[in-house]
1. Restricting to the stretch 86-111, name every residue that is closer than 20 Å to LYS13 by Cα, in a helix (DSSP H, G or I) and over 17 Å from the mean Cα position of the chain (by Cα).
2. Can you tell me which residues in the stretch 57-72 are free of Cβ contacts under 8 Å to residues at least 60 places away in the same chain and either crowded, with 21+ Cβ neighbours inside 10 Å or of a type in the set (Phe, Trp, Tyr) (or both)?
3. Mind listing whichever residues of the stretch 115-143 are under 30 Å from CYS167 (Cβ atoms), out of contact with any helix residue (DSSP H, G or I) (no Cβ under 7 Å at 6 or more places or on another chain) and either among the aliphatic types (A, V, I, L, M) or buried (at least 16 other Cβ atoms within 10 Å of the Cβ) (or both)?
4. What do you reckon, is GLN149 crowded, with 16+ Cβ neighbours inside 10 Å, polar (S, T, N, Q) and without any contact (Cβ under 8 Å) to a residue 60 or more places away in the chain?
5. Please indicate, with yes or no, whether at least one residue in the stretch 7-22 is crowded, with 21+ Cβ neighbours inside 10 Å, farther than 18 Å from PHE197 by Cβ, of a type in the set (Ser, Thr, Tyr) and touching a helix residue (DSSP H, G or I) at 6+ places or on another chain (Cβ under 7 Å).
6. Within the stretch 26-41, count every residue that is in contact with a helix residue (DSSP H, G or I) (Cβ under 6 Å, 6 or more places away or on another chain), free of Cβ contacts under 8 Å to residues at least 40 places away in the same chain and not in a helix (DSSP H, G or I).
7. Among the residues that make up the stretch 151-161, is at least one of them in contact with a Lys or Arg (Cβ under 7 Å, 6 or more places away or on another chain) and at pLDDT below 95?
Amino acid sequence: MQQLVLATGNPGKLLEMRELLAPLGFQVLAQSELGVTEVDEPGPGFIENALIKARHAARITGLPAIADDSGLVVPALAGAPGVYSARYAGEDANAEKNNQKLLQAMSDLHGDQRQAYFICQIAAVSAVADPLPLLALGRWQGVILSELQGKKGFGYDPLFAPQGMNCSAAELTPADKNQFSHRGLAMVQLIKQIRSFW
């Protein structure tokens, strides 16, 4: 069975991505299992950061690697938290602090001003010097709630109400979230590419 490394230290992402990659039959390993430390993400956008992480993991392990860079984008906040979603409340941020900062930043926003979307940019490299990395993008539209709802998921899920759903992302089952989410949509595209090109 071919091994593949997931270049993330986020346990929520690991769980989702392992589930989504299961049909390909890879042995999916977390970068932490292989001694890969997290790398700085200096890129100005999601594509650059996903590629940096994927190539870093491939360089250290010698294995094909997949990384994603994802975040929450609120147009009324000039795109924040954006690429800084994980550390929106500072370098020592966690989900609770990030969610509280977002609620404060949006306390005076109403109606269409509360529209938001999750973005997931995935990069996959067959080797560190892969000249044609596979790229896939997923977008999940919704609105930001005025209070936390639900206990499932991670990150901003308790504040994000997906478009067309009467619940937060943190109230969805893992299977439903994988079907509709930004990461799920991006992974569907990526899996098609892996089947075609790897």
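The values are calculated or read from the model by the stated rules, or taken from the named source; none is laboratory data. Please read all numbers here as calculations on a predicted model, not as lab measurements. Positions of Cβ are generated from backbone atoms using ideal geometry, with glycine treated the same way; all protein chains shown enter the neighbour counts.
1. Residues satisfying the conditions are GLU96, LYS97.
2. ALA57, ASP69, GLY71
3. Initial filter on the stretch 115-143 (under 30 Å from CYS167 (Cβ atoms)): 115-122, 136-143.
Add one more test, that the residue is out of contact with any helix residue (DSSP H, G or I) (no Cβ under 7 Å at 6 or more places or on another chain), and what stays is 116-117, 141-142.
Across the stretch 115-143, the qualifying residues are ALA116, TYR117, GLY142.
4. Working: crowded, with 16+ Cβ neighbours inside 10 Å: yes; polar (S, T, N, Q): yes; without any contact (Cβ under 8 Å) to a residue 60 or more places away in the chain: yes.
Yes; evaluated as a whole, the condition is true for this residue.
5. Yes.
6. 4
7. Scanning the stretch 151-161 turns up at least one residue that is in contact with a Lys or Arg (Cβ under 7 Å, 6 or more places away or on another chain) and at pLDDT below 95.
Each row is one residue, and each column tells you yes or no for (1) surrounded by fewer than 16 Cβ atoms within 10 Å (Cβ to Cβ); (2) free of Cβ contacts under 8 Å to residues at least 12 places away in the same chain; (3) not aromatic (Phe, Trp, Tyr).
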site	(1), (2), (3)
LEU24	yes, no, yes
GLY43	yes, no, yes
LYS97	yes, yes, yes
LYS101	no, no, yes
